[in-house]
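Report on one structure; see the data block that follows.
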Amino acid sequence: MLIEAIVFSLIIGLIRGGKLRKMKAINNKTIWLLIFGILMQYILVFLNQTEAIGSLSKILSYTKEILIISYILILIGIFTNLKFRSLWLSLIGFILNLFVLISNNWKVPILAEGVPLIDSPNLESLLKAGNTYLYTPIIDGTKYPILGDIIVFSKPYPMAKIISFGDLLIGFSIFLLIQEILLGEDYFMGGYRL
């Protein structure tokens, strides 16, 4: 969801007269922590969907620790840039995602019925076999399943995926953040205040 939010927001922001040079307003030292934390999570998601989990099992056995480090980096990146109002929404999204992870033994509850709709046979077989370190199928005992990965973007959506409500908030926040930066605070959302 982040890739789509970034690309779409850049296009809309430039059409609305935004300037790329205004991206310097972000705290450059800590924004890299945020970006690195998000990249760590994307890599974990990718690795957890690979069939050759045997060769990666040593790395993936540290999924919990990698997630903790990534959340620390992400939260530092968000907290040091909270002067941007749109990042408050991102903070809420990350807290929701972190809450559901902690509540479910550091695994993301995922709607197993939605996995075939995103055309990910590797993830589907790994979930059925219970061989994934990051995901757990939503069952009766799952805590807070509404906060898990339950929103399905299936084909013909070009980047089919299952995301959580927190992910949706984060994507929307990133869209708003780029608009806020490119257009400046006075022009953000046409003068409306959040």
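The values are calculated or read from the model by the stated rules, or taken from the named source; none is laboratory data. Everything numeric here is computed off the predicted structure, so don't read it as measured data. Methodologically, a virtual Cβ is constructed for each residue, glycine included, from the backbone with ideal geometry; neighbour enumeration extends over all protein chains shown. Protein only, heavy atoms only, side chains kept; ligands, DNA and RNA dropped before computing areas. Shrake-Rupley method; radii C 1.70, N 1.55, O 1.52, S 1.80 Å.
A compact table of results
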quantity: Matching entry among D167, D140 (being of a type outside the set (S, T, Y) and in a helix (DSSP H, G or I)); calculated: D167
quantity: Filter result for the condition that a residue is among the hydroxyl-bearing types (S, T, Y), touching a Lys or Arg at 6+ places or on another chain (Cβ under 9 Å) and over 13 Å from L134 (Cα atoms), over S70, S90, S103, S86; calculated: S103
quantity: Of all residues in the range 159-190 being among the charged types (D, E, K, R), surrounded by fewer than 20 Cβ atoms within 10 Å (Cβ to Cβ) and touching a Phe, Trp or Tyr at 6+ places or on another chain (Cβ under 9 Å), the one that is modelled with the lowest pLDDT; calculated: E185
quantity: Long-range neighbours under 8 Å by Cβ, at least six apart or interchain, first residue part of a helix (DSSP H, G or I) within the range 119-131, second open to solvent by 50 Å² or more (accessible area, probe 1.4 Å); calculated: N122/Q49; N122/E51; L123/Q49; E124/P116; S125/E51; L126/Q49; L126/E51
quantity: Test: residue in the range 46-67 that is assigned to a helix (DSSP H, G or I) and either basic (K, R) or touching a Cys at 6+ places or on another chain (Cβ under 9 Å) (or both); calculated: yes
quantity: Options I74, I102; residue that is part of a helix (DSSP H, G or I), open to solvent by 10 Å² or more (accessible area, probe 1.4 Å) and closer than 19 Å to N48 by Cβ; calculated: I102
quantity: Residue match in the range 29-37 (condition: among the aromatic types (F, W, Y), in contact (Cβ under 8 Å) with a residue 24 or more places away in the chain, under 22 Å from V108 (Cα atoms) and open to solvent by 90 Å² or more (accessible area, probe 1.4 Å)); calculated: yes
quantity: Residue match in the range 115-126 (condition: under 27 Å from L56 (Cβ atoms), open to solvent by 80 Å² or more (accessible area, probe 1.4 Å) and either in contact with a strand residue (DSSP E or B) (Cβ under 7 Å, 6 or more places away or on another chain) or at pLDDT 85 or above (or both)); calculated: yes
quantity: Pairs, first over 16 Å from I66 (Cα atoms) in the range 100-111, second in a loop (DSSP other than H, G, I, E, B) and of a type in the set (A, V, I, L, M), C-beta under 7 Å, six or more apart; calculated: P109/I138; I110/I138; L111/I138; L111/I150
quantity: Filter result for F94 (open to solvent by 40 Å² or more (accessible area, probe 1.4 Å) and among the aromatic types (F, W, Y)); calculated: no
quantity: Of all residues in the range 127-158 being open to solvent by 80 Å² or more (accessible area, probe 1.4 Å) and under 15 Å from L98 (Cα atoms), the one that is nearest to the chain's Cα centre (by Cα); calculated: I146
quantity: Set K64, K107: member being buried (at least 17 other Cβ atoms within 10 Å of the Cβ), among the charged types (D, E, K, R) and in contact with a Phe, Trp or Tyr (Cβ under 7 Å, 6 or more places away or on another chain); calculated: K107
quantity: Residues located in the range 132-161, provided they are among the charged types (D, E, K, R) and touching a residue at least 40 places away in the same chain (Cβ under 8 Å); calculated: K143, D149, K161
